[in-house]
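The values are calculated or read from the model by the stated rules, or taken from the named source; none is laboratory data. Nothing here was measured: the structure is a model prediction, and the numbers come from that model. When we count neighbours, we look across all protein chains shown, and the Cβ atoms used for this are built from the backbone with ideal geometry, even at glycine.
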């Protein structure tokens, strides 16, 4: 059996993670960085910092909630040693207060830790949007390829009946009536902002907050309008992005992020096809006949004139021309050109789209060679275009779970299950799921469920996790090591538990928060209902089930 490894790829002992050399948990490090005095100052500002956290993972109760809403629910364990608390919050952060004050101080610091995570997420999506929207319209600065440029607005008004043309005429008319230059500038910005808001409201279906709702397919006319607004008033894209996330209403923040990401993909595909047509025409006009034939081969092989082409493993680039009659007619020249294709594609596609089309197999593994029915293939393509699903990731998930490939779960081989858990664990660690949209909320998970049903998906996932647990326990020497292990250490070693935890929408940091809460409030250890009632955020049934069963089975220090 292959060696079991932790998240960083280090080999894990069958007896569990190491003790003294184990690094402190991420939560403890985060809490250590919190500044209590700053938190208390912020609390004095009425209405600041409280509401934002109600929508986050599951922050701990505040002092006011302890005293006003549930005075009898939370009490400090009188036997909990001050030294233990000082270990968690070193460098004098936890002062020598009364027992109740210590409990409140720990709670406030935990609350600040969750708020810090929420703010980090907002910064991450803003930065991701800034990078992706620019790459979607401008994969390359200034020129689309060396010595090849395209008009910024000329092609947008060729069709006098197009939406872009009508917008230009309306803008010119309004400008002619504006009295001063400053007024003209403000008016242009206002017109662009209003038009972009109107377009995005329709394109993203913002009137419907339903989760995993497909957006509209991007029409070429709408793309030209968005492109023209980007070229003339790109700041409006960032202003509207911030406004939408500050006024979510009933829509989930993850739902808005999914829809925005899907739209970025649609814009990117149209930009790539448009740019390639200009590049290929320019290269063809200045090349001899053999080069024209090679350009056509490259275009067809890599579907450069097609939106949302097939995603390949990166080494596929270097197999171009193999066993191809065209290679025989072009001789060694074709062999030479395929060696520079990678740089050629990256030059005009940009790094983001290049990495989407050509994935590094060392990241997760080679793309599985599974066969999907015509119906499932169509569902997957629709999810890619309208929901922003990543087909390369989805293929790996389908292959690892054996979806549509085995008649009975018992047909899944144990060596394959060990390999599958390793691949899924690495998929879960992708920046897409860790930094922006967690796996539980992702378009990829929703796509798999839509293709195979949620019941089938969960049956396969839980069977693989149960089987992996049996295999793991068969190679270990018992659970004594867990008596001195933390939450993060146990989850890192028990990979099957971490997969189930992430799949229900929990994370390690939240599990550590739960553990600390129970340590400081002993009566909660015996009454889960009281615990769930005490937490200000509500858990879903699947999350409650996982929390209660996991902490009952595992008793971390």
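Do the conditions hold for residue 164, that is, is it at pLDDT below 80, in a helix (DSSP H, G or I) and closer than 26 Å to residue 281 by Cβ?
Considered against the rule, which asks whether it is at pLDDT below 80, in a helix (DSSP H, G or I) and closer than 26 Å to residue 281 by Cβ, residue 164 comes out as no.
Every residue in the range 217-231 that is under 17 Å from residue 167 (Cα atoms) and surrounded by 18 or more Cβ atoms within 10 Å (Cβ to Cβ), please.
Within the range 217-231, 222, 223, 224, 225, 226, 227, 228, 229, 230 meet the criteria.
Would you mind telling me which numbered condition in (1) modelled with pLDDT of 75 or more; (2) within 30 Å of residue 449 (Cα to Cα) residue 145 fails?
(2)
Helices (runs of 4 or more DSSP H) wholly in the range 296-403 with at least 3 residues that are at pLDDT 90 or above and closer than 22 Å to residue 218 by Cβ - which ones? Explain how you work it out, then say what you get.
Numbers: elements: 325-330, 332-339, 341-349, 351-357, 374-386, 391-401.
Filter on the range 296-403 gives 351-357, 374-386, 391-401.
Residues of the range 374-383 being surrounded by fewer than 22 Cβ atoms within 10 Å (Cβ to Cβ) and under 25 Å from residue 421 (Cα atoms), which ones?
The first filter runs over the range 374-383 and keeps only residues surrounded by fewer than 22 Cβ atoms within 10 Å (Cβ to Cβ), leaving 374-382.
Listed by number, the residues that qualify are 376, 377, 380.
Within the range 458-467, identify whether any single residue is more than 29 Å from the chain's Cα centre (by Cα) and either within 28 Å of residue 398 (Cα to Cα) or free of Cβ contacts under 8 Å to residues at least 24 places away in the same chain (or both), and answer yes or no.
Checked against the condition, which is being more than 29 Å from the chain's Cα centre (by Cα) and either within 28 Å of residue 398 (Cα to Cα) or free of Cβ contacts under 8 Å to residues at least 24 places away in the same chain (or both), the range 458-467 yields no hits at all.
Here is a yes/no grid of residues against (1) in contact with a strand residue (DSSP E or B) (Cβ under 9 Å, 6 or more places away or on another chain); (2) within 21 Å of residue 392 (Cβ to Cβ):
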site	(1), (2)
271	no, yes
280	no, no
288	no, no
291	no, no
299	no, no
303	no, yes
313	yes, yes
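For a quick check of your reading of the model, give me the residue pairs whose first member lies in the range 164-179 and is outside the structural domain of residue 227 (by TED's automatic domain parsing), whose second is surrounded by 12 or more Cβ atoms within 10 Å (Cβ to Cβ) and assigned to a helix (DSSP H, G or I), with beta-carbon atoms closer than 7 Å and at least 6 apart or on different chains.
The qualifying pairs do not exist here.
Out of (1) at pLDDT below 95; (2) part of a helix (DSSP H, G or I), what's the single condition that is false for residue 269?
(1)
Based on this model, can you work out whether residue 522 counts as under 26 Å from residue 470 (Cβ atoms) and either surrounded by fewer than 21 Cβ atoms within 10 Å (Cβ to Cβ) or assigned by TED's automatic domain parsing to the domain that holds residue 423 (or both)? Talk me through it step by step, then tell me what you get.
Working: under 26 Å from residue 470 (Cβ atoms): no; either surrounded by fewer than 21 Cβ atoms within 10 Å (Cβ to Cβ) or assigned by TED's automatic domain parsing to the domain that holds residue 423 (or both): yes.
The answer is no for residue 522.
Out of the helices (runs of 4 or more DSSP H) lying entirely within the range 478-551, which hold 1 or more residues that are without any contact (Cβ under 8 Å) to a residue 40 or more places away in the chain and under 24 Å from residue 419 (Cα atoms)?
Of the helices (runs of 4 or more DSSP H) lying wholly inside the range 478-551, those with at least 1 residues that are without any contact (Cβ under 8 Å) to a residue 40 or more places away in the chain and under 24 Å from residue 419 (Cα atoms) span 487-493.
Answer with yes or no whether residue 491 is under 30 Å from residue 406 (Cβ atoms), surrounded by 20 or more Cβ atoms within 10 Å (Cβ to Cβ) and in the same structural domain as residue 428 (by TED's automatic domain parsing).
For residue 491, the condition - under 30 Å from residue 406 (Cβ atoms), surrounded by 20 or more Cβ atoms within 10 Å (Cβ to Cβ) and in the same structural domain as residue 428 (by TED's automatic domain parsing) - is not met.
Looking at (1) free of Cβ contacts under 8 Å to residues at least 24 places away in the same chain; (2) within 24 Å of residue 253 (Cβ to Cβ); (3) part of a loop (DSSP other than H, G, I, E, B), which is the one condition that is false for residue 407?
Exception for residue 407: condition (2).
For residues in the range 446-457 being assigned to a helix (DSSP H, G or I) and without any contact (Cβ under 8 Å) to a residue 12 or more places away in the chain, which is surrounded by the most Cβ atoms within 10 Å (Cβ to Cβ)?
Selected residue: 449.
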